[in-house]
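Before any comments, here is the structure.
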Amino acid sequence: MKHRGAIIFDNLPMIFGVGVAFGLAKDHRGEAAMVGLIGYLGLVALVQNEHSLSSLIYDNVLTKDGYSQLLYYVTEVTDPVSGEVEVYATWLLNLGVFGGIAMGLIAAGLYNKYSDIKLPKALGFFSGRRFVPIVMLFTVVLFSFLMAIIWPWFQLALVELAYGLLYIPWLGAGAYVGINRLLIPTGLHQVLNVFFWFQMPITWEGNQIFILQSSIDGTTQFVPLFGDINAFLESGSDVTIMIPNVTDPQGVTGDEAFNYLQEANVGAFQVGFFPIMMFGLPAMGLAIASQADQKYRKSVYAFMISAGAVSFLTGITEPLEFSFMFVSPLLYFAYSILSGIIASITVATGASFGFGFSAGIIDFGLSVPNSLNLSHGISSYANGWGGFINVILIGICVAPIYYFMTLFMIKKFDLATPGRGGNLSGIVDLEEEKISEKITVKGSDDKWFKMALETIKLVEKDNITDVDNCITRLRLSVKDNTKVTKEDAIKIGYTGLIAPGKKALQFIIGPESEIIAKDIKEIFDNFENYQEYFIDNLDNLKKD
């Protein structure tokens, strides 16, 4: 799993640089992604290579001990002919995911500002989008120089923050999970996730952990270990780590390396999600369904079982959470606080599990080998399976807690959960056809295509300026977001609707968001082919 994950996680900063630039460009053209790549490669060349800006500055202002070692890299190069190993050291700057995101943002900003520029006729070849890479080359030099001066202080602050959060790991992880759940309605939970999963330095008693990485040219180099997800994926059988002034400068492997990683609480910001997403949240869904009015109970059960199964299998929770998030904020608040407590308990057991996508049973199974590595040799988990058993047992125990907490709050506060008191927010009555199912499109019985048509009708084609999606949300940029209500969105099959800005709408649906977004774009690109059917269906709907 480590080597498969390395394809993505070893190149994550570059992927962010390309992806952010492409995603934020006004017309989503490939040139923007290319500019993001140029910017990131320029940043690496200027601050992450020998004799770069880093060496120019740090040779004169930093020593090679204490916190300065965060930036001092020891590299081994093996001669492919003689086999001799040459060791050298240099100052390097590793901005991690932050560097990729920053270059992506800069690239998108430059592209949006200069992609339509018109230069004098003599320089006409460089007008428009060709001008943007030129501006980026100058910009990345200035940005790299700035980062070379100020980044060591940010790096030190991140190390201290990570050490502080994990000084009492169960407390830091529990607070993170609770706040993460509370921020989901705003989407700001992703800000936390980027730091904890990809940018947070992995430390042992306040000392940065370095991990040995190899290149195809025979170079091996100790680089700082960042991010809880990356650290867990690196915990494979062949891992070599080094901690300045603690371990052998050549690094340690095997059980000794695993013990350091375990004591660094690798996986602490992931493992707490597994009992919640696999057991707790599905149990809440069943409790909500049990309190629905008799008329709607079958419909609510059908939805909750489906959404609960998705949460259990994949860790995708938003369809279920959004079904009660806004109609019962008090219940959602209690759910978030309880989730933080459960995460604290899980981390306190010492279990180490991680994920590549989310905390569902699929990722849980895939992470078992690395979990066994981290657990090996620790007295409480001498057989290696203690962490696995603890997570499952905690999940089984907390499911009734979530279930009965939900029942108590619904009855005590008379909460308007889905299907209760005639409230169908988040649930469509199975006895009434969804509007999207009434639409007939010649040669197509695809329900998601029909839903795309109805979404266009609901928001209005001329009101939509951009179409995008994430894993669970259809994201529309609009001129006016007041034309759509949450009830309208639910009526055509969405789980919920939020408006994070005056010109933005996010429809909650689940993994199908990508399909619907693609269908909407297809309709827009070939509107003349669909217009006749589109108008006919709207007329039929008005008659209904």
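Suppose we keep only residues that are touching a helix residue (DSSP H, G or I) at 6+ places or on another chain (Cβ under 6 Å) and under 16 Å from ALA343 (Cβ atoms) within segment 394-416. Which one would you say is surrounded by the most Cβ atoms within 10 Å (Cβ to Cβ)?
Step by step, filter segment 394-416, then rank; the result is TYR402.
Looking at (1) out of contact with any Leu (no Cβ under 8 Å at 6 or more places or on another chain); (2) more than 30 Å from ALA359 (Cβ to Cβ); (3) hydroxyl-bearing (Ser, Thr, Tyr), can you tell me which one THR139 breaks?
So the condition that THR139 fails would be (1).
When you look at LYS461, is it more than 27 Å from ALA302 (Cβ to Cβ) and either modelled with pLDDT of 85 or more or of a type in the set (Asp, Glu) (or both), yes or no?
Against the criterion (more than 27 Å from ALA302 (Cβ to Cβ) and either modelled with pLDDT of 85 or more or of a type in the set (Asp, Glu) (or both)), LYS461 qualifies.
In this structure, is GLY267 within 23 Å of ILE168 (Cβ to Cβ), in contact with an Asp or Glu (Cβ under 7 Å, 6 or more places away or on another chain) and in contact (Cβ under 8 Å) with a residue 40 or more places away in the chain?
Yes: the conditions hold for GLY267.
Consider VAL391 carefully, then state whether it is buried (at least 20 other Cβ atoms within 10 Å of the Cβ), within 24 Å of the chain's Cα centre (by Cα) and more than 24 Å from VAL300 (Cα to Cα).
yes
Evaluate segment 248-263: report whether one residue or more is among the aromatic types (Phe, Trp, Tyr) and crowded, with 23+ Cβ neighbours inside 10 Å.
Yes, segment 248-263 contains at least one residue that is among the aromatic types (Phe, Trp, Tyr) and crowded, with 23+ Cβ neighbours inside 10 Å.
Within the set of pairs 6 or more residues apart or between chains, which connect a residue that is in contact (Cβ under 8 Å) with a residue 12 or more places away in the chain inside segment 13-37 to a residue that is of a type in the set (Lys, Arg) and in a helix (DSSP H, G or I) with Cβ atoms less than 9 Å apart?
Going by the 9 Å Cβ cut-off, the qualifying pairs are ARG29/ARG129; GLU31/ARG129; GLU31/ARG130; ALA32/ARG129; VAL35/ARG129.
Being buried (at least 23 other Cβ atoms within 10 Å of the Cβ), in contact with a helix residue (DSSP H, G or I) (Cβ under 8 Å, 6 or more places away or on another chain), over 19 Å from LEU393 (Cβ atoms) and of a type outside the set (Lys, Arg): is that true of PRO275 here?
No; evaluated as a whole, the condition is false for this residue.
When you look at ALA348, is it small (Gly, Ala, Ser), under 27 Å from the mean Cα position of the chain (by Cα) and either at pLDDT 80 or above or surrounded by 23 or more Cβ atoms within 10 Å (Cβ to Cβ) (or both), yes or no?
Judged against the criteria, ALA348 is a match.
Outside any helix (DSSP H, G or I), touching a Pro at 6+ places or on another chain (Cβ under 7 Å) and touching a residue at least 60 places away in the same chain (Cβ under 8 Å) - does that describe any residue in segment 309-316?
Yes.
Is at least one residue of segment 130-140 among the β-branched types (Val, Ile, Thr), modelled with pLDDT of 75 or more, surrounded by 16 or more Cβ atoms within 10 Å (Cβ to Cβ) and closer than 24 Å to LEU192 by Cβ?
Checked segment 130-140: no residue is among the β-branched types (Val, Ile, Thr), modelled with pLDDT of 75 or more, surrounded by 16 or more Cβ atoms within 10 Å (Cβ to Cβ) and closer than 24 Å to LEU192 by Cβ.
Here are some residues: ASN112, ASN193. Which one is surrounded by fewer than 20 Cβ atoms within 10 Å (Cβ to Cβ), within 23 Å of GLY19 (Cβ to Cβ) and in contact with a Lys or Arg (Cβ under 6 Å, 6 or more places away or on another chain)?
Testing whether each residue is surrounded by fewer than 20 Cβ atoms within 10 Å (Cβ to Cβ), within 23 Å of GLY19 (Cβ to Cβ) and in contact with a Lys or Arg (Cβ under 6 Å, 6 or more places away or on another chain) leaves just ASN112.
Out of PHE196, PHE145, PHE154, I need the residue that is in contact with an Asp or Glu (Cβ under 6 Å, 6 or more places away or on another chain) and of a type in the set (Phe, Trp, Tyr). Which one?
PHE196
Within segment 317-360, how many residues turn out to be among the β-branched types (Val, Ile, Thr) and assigned to a loop (DSSP other than H, G, I, E, B)?
Residues in segment 317-360 being among the β-branched types (Val, Ile, Thr) and assigned to a loop (DSSP other than H, G, I, E, B): 3 in total.
The values are calculated or read from the model by the stated rules, or taken from the named source; none is laboratory data. Computed from a predicted model, the values in this text were never measured in an experiment. Backbone-built Cβ (ideal geometry, glycine too); neighbour counts: all protein chains shown.
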